[in-house]
Amino acid sequence: MNRRVDSGGGSSEGTSIRLEDIARESGVSIKTVSRAIHNHPDVNVATRARIMKIVDMHHYSPNWAAQSLRSRKTQTIGFIVPNITNGFFGQVGIALDEFFRRNSYGTLICFTSNSHEIEIESLNSLIGKNVDGIVFAPVGGAGDYFNKVPRLARKPLVIIDNACKDIDAAYVLHDNRHGVGLLVEHLFSHGHRKIACVTGPIEETSGAERLKGYREAIERCGLRYEESLVRVTNWEINGGDVAVHELFNNPAKRPTAVFFANSQLLLGGYKAFNSLKIAIPSDVAVVSFDPPYVIDSLVPRPTTLDSFEERIGLTAARFLLDLIEGKKSAGKKTVRIRGSLRLGLSCGCQETARGH
């Protein structure tokens, strides 16, 4: 038999059948049929089973191209990140993709390798593919995205991790200063008075705010802020490695504790401490803003803030879906996600951590 595509966006063996026909035969609305086919969670299990039995009987399959032309939607969203090897972006992406798959969307991912030029290419590419919306983790604080990609201003957009100058969009960010304060003050409570900071580029709001949070916490503790205890580097493992070697190259000026501004820097720090034969926490106490994906493999287990990747991913996803669907509650707002202390063994909390 010939397979024919019907005007309703589907096909069948030997005869044309439309969503309207399936809805009439199953005794439900066209919208319910569509949601059942797309495995939407708000369709009753028994109702979906009845609909899918009719769908299978008629060998119906959706014609995605026809549906896209009619609805002007592709049921896809874009996710742009600096790299996926950073566990933070990987976990955010998993939460984002799971949410949108439950809502019948696919996810297209672009990696920018921390390049502003590749960011612009990625934005143009996703808009050229007519994605319905974009979640974007930019590098730097550039505010020229709307100028370089004019169509971006008309596309549902949620920005995560790093705020951009003069870009009016929905934002999901960390509460950086609050989180850093918890970690630095915890080190202070252990008696540390020479606490170093290793952070990422201060051209990005994450780097700038974590450095500011460190300085504010140091001053709240009654300590003097010392530039010599601060290292600004990239966000990668090699950055943490190099920073620790610089901080500890003079035994007379070594800090007694180090705050790392992300998990990649922490991993670099562990590598450096191992090569320098510096023991954690007996020689130096260590804390990190976020937990590395391999946290349970690190010895000693680091003290960090709790995991907030899933919360950031889900918050960004809900924002974006509201914007795509044009809900009245959707708006260009900023939400900051707060973390709480997740005690390990790297800060000196041996007995307390064992009890958690």
For Phe289, state whether it is touching a residue at least 40 places away in the same chain (Cβ under 8 Å), of a type in the set (Phe, Trp, Tyr) and not assigned by TED's automatic domain parsing to the domain that holds Leu182.
no
With the requirement that a residue be of a type in the set (S, T, N, Q), closer than 20 Å to Leu343 by Cβ and modelled with pLDDT of 95 or more, what does the stretch 296-316 give you?
Thr303, Thr304
For Thr74, work out the one condition from (1) modelled with pLDDT under 95; (2) in a strand (DSSP E or B) it doesn't fulfil.
(2)
Does the stretch 146-169 include one or more residues that are under 21 Å from Ala208 (Cα atoms), among the β-branched types (Val, Ile, Thr) and assigned to a helix (DSSP H, G or I)?
no
When the stretch 99-124 is checked residue by residue, the ones that are surrounded by 15 or more Cβ atoms within 10 Å (Cβ to Cβ) and over 25 Å from Asn234 (Cβ atoms) are Phe99, Phe100, Asn103, Tyr105, Thr107, Leu108
When the stretch 221-253 is examined, which residues are found to be surrounded by fewer than 16 Cβ atoms within 10 Å (Cβ to Cβ), over 12 Å from Ile195 (Cβ atoms) and of a type in the set (Lys, Arg)?
Lys253
Can you name every residue in the stretch 201-230 that is assigned to a loop (DSSP other than H, G, I, E, B), under 26 Å from the mean Cα position of the chain (by Cα) and either among the hydroxyl-bearing types (Ser, Thr, Tyr) or within 16 Å of Ile160 (Cα to Cα) (or both)?
Glu203, Glu204
Within the stretch 317-356, work out how many residues are at pLDDT 75 or above and closer than 20 Å to His192 by Cβ.
10
Does Val184 satisfy the criteria of being buried (at least 20 other Cβ atoms within 10 Å of the Cβ), modelled with pLDDT of 95 or more and outside the structural domain of Phe259 (by TED's automatic domain parsing)?
no
Can you spot a residue in the stretch 247-259 that is touching a residue at least 60 places away in the same chain (Cβ under 8 Å) and out of contact with any helix residue (DSSP H, G or I) (no Cβ under 8 Å at 6 or more places or on another chain)?
yes
Tally of residues being under 20 Å from Val92 (Cβ atoms) and among the aliphatic types (A, V, I, L, M) across the stretch 272-313
4
On the given criteria, is Ala252 part of a loop (DSSP other than H, G, I, E, B) and among the aliphatic types (A, V, I, L, M)?
no
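The values are calculated or read from the model by the stated rules, or taken from the named source; none is laboratory data. Keep in mind the model is a prediction, meaning the values are calculated, not measured. For neighbour counting, all protein chains shown are included, and Cβ atoms are generated from backbone atoms with ideal geometry for every residue, glycine included.
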